[in-house]
Amino acid sequence: MQIQPTAAQLKLLEPLISRPRLAPYLAVTASPQAAMELYLWNVRVSAAFAEVIALTEIILRNAMAEQLAGAYGHAWYAQAELFDDRTISGFRGTWRNINMPTDPRTGKPEAKTLRTVPAGKLVAESTFGCWVNLLDKGGTRGDGPYRQNVDYDSTLWRKALHKAFPNSGGKRTTVFTTASHVRSLRNRAAHHEPLISGVPLPGQTDRRGHGRRLTLPAAHAEVLRLVEYIDKDVAAWLGQNSRVPQLLSTRP
């Protein structure tokens with residue numbers, strides 16, 4: 001469904017959306033009505049991006065989980081020696097938030113163990129950020145005298161994850177950069193933030209020291225590129241069926 005309010009309805013919506021939220025749109029338009037029209041276009045574009053990102057996220061995590069299970073066993077996520085503290089914290093949070101079914105004998109939730117929680121459950125409920133972090137170079141684990149570096153290049157990537165991305169050229173940094181861009185887009189769209197000036201890339205600056213941004217066509221291309229690293233045919237199909245290009249051409 002495409003929202004196409006009348007001028008009167010736009011006027012009713014404006015105070016409900018709030019002026020602070022409309023400020024970026026008011027700054028680039030000539031009237032409150034034009035700002036509301038641009039805001040609603042942003043809503044539609046965000047929804048279209050969410051469609052392709054939803055499929056991309058599932059494709060990504062399943063491809064990665066399959067290779068990690070092949071290399072380290074079905075409970076690969078329970079092998080703390082593989083991961084840095086950031087990843088461990090992510091999986092710990094996922095584990096904590098998993099709801100167990102009620103045991104009919106006791107009326108209480110079943111015990112949460114590696115035997116009772118299917119691997120697929122943890123894979124499905126882990127955040128997109130957690131999967132992207134597995135493609136990073138790795139950080140540290142432990143504190144004080146127990147602190148040690150964790151190198152994902154020599155473990156996760158070389159032993160398992162490179163197989164999940166047969167069309168990437170084999171470089172972890174290539175996949176990580178693309179996945180990070182998709183994460184930035186995903187988070188911005190999911191939190192209903194403005195996309196009208198592109199997608200800010202946290203921690204990245206240009207030669208003049210300004211924050212780097214991806215244009216929306218470039219951001220869309222990055223989503224498709226991430227899928228292409230895994231399966232070229234699926235990426236082509238996704239690109240042909242994405243609503244994003246058409247919506248970008250109709251910006252008010």
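The values are calculated or read from the model by the stated rules, or taken from the named source; none is laboratory data. Not measured: the values here are computed from a predicted model. Quick reminder, even Gly has a Cβ in these numbers, built from the backbone with ideal geometry, and neighbours come from all protein chains shown. Heavy atoms of the whole protein, side chains included, go into the accessibility calculation; ligands, DNA and RNA do not. Shrake-Rupley method; radii C 1.70, N 1.55, O 1.52, S 1.80 Å.
Relative contact order for segment 195-252: what percent, with Cα pairs under 8 Å and sequence separation of 6 or more?
Worked out over segment 195-252, it gives 23 percent.
Give me the percent of accessible area attributable to carbon and sulfur for segment 163-206, probe 1.4 angstrom.
49 percent
If you line up the long axis of helix 7-17 against the longest principal axis of the chain, both from Cα atoms, how many degrees apart are they, to the nearest 10?
40 degrees
Enumerate the lysines that Lys108 could reach by cross-link, defined here as Cα to Cα under 29 Å, with residues fewer than 8 away along the same chain left out.
Correct list for Lys108: Lys121.
With the chain treated as a Gaussian network of Cα nodes joined by springs under 10 Å, which of Leu12, Leu185, Leu195 yields the largest mean-square fluctuation?
In this elastic network of the chain, the residue with the biggest mean-square fluctuation among Leu12, Leu185, Leu195 is Leu12.
For labels at Ala8 and Ala23 in the simple 7 Å Cα→Cβ model, what's the distance in nm?
Taking the two extended label points, one gets 3.3 nm.
For segment 94-232, what is the accessible area per residue in Å², given a 1.4 Å probe and the full set of protein chains?
56 Å²
Under the 0.36 nm per residue contour assumption, what length would be gained going from the current alpha-carbon distance of Val43 and Lys163 to full extension?
Fully extending the segment from Val43 to Lys163 adds 39.6 nm.
Show me, for segment 231-241, the HN-Hα J-couplings you get by feeding each phi into the Karplus relation (A = 6.51, B = -1.76, C = 1.60, θ = phi - 60°), rounded to Hz, glycine and proline as x.
8, 5, 5, 5, 4, 5, 4, 5, x, 5, 9
Quick check: residue separation of Trp237 and Ala111 times 0.36 nm, minus the Cα distance between them. What number comes out in nm?
Separation in residues times 0.36 nm, less the Cα-Cα distance, equals 41.1 nm.
On a C-alpha basis, how far is the centre of segment 82-104 from the centre of segment 136-183 in Å? Whole number, if you could?
21 Å
If you take Cα extents along the principal axes in Å from the coordinates, which of (1) 59, 54, 43; (2) 47, 45, 37; (3) 46, 41, 39 do you get?
Of the labelled values, this structure produces (1).
Using Cα pairs closer than 8 Å and at least 6 residues apart in sequence, work out the relative contact order for segment 73-206, in percent.
Here the relative contact order equals 21 percent.
What whole-number distance in Å separates the alpha-carbon centres of segment 4-44 and segment 206-252?
About 25 Å separates the Cα centre of segment 4-44 from the one of segment 206-252.
Quote the charge dipole size of the chain about the Cα centre in Debye, to the nearest 20; the model charges only the Cβ of Lys and Arg (+1) and of Asp and Glu (-1).
Its charge dipole is roughly 300 debye.
Nothing charged except the Cβ atoms of Lys and Arg (+1) and of Asp and Glu (-1): what's the magnitude of the dipole of segment 175-241 about its Cα centre? Round to the nearest 20 debye.
320 debye
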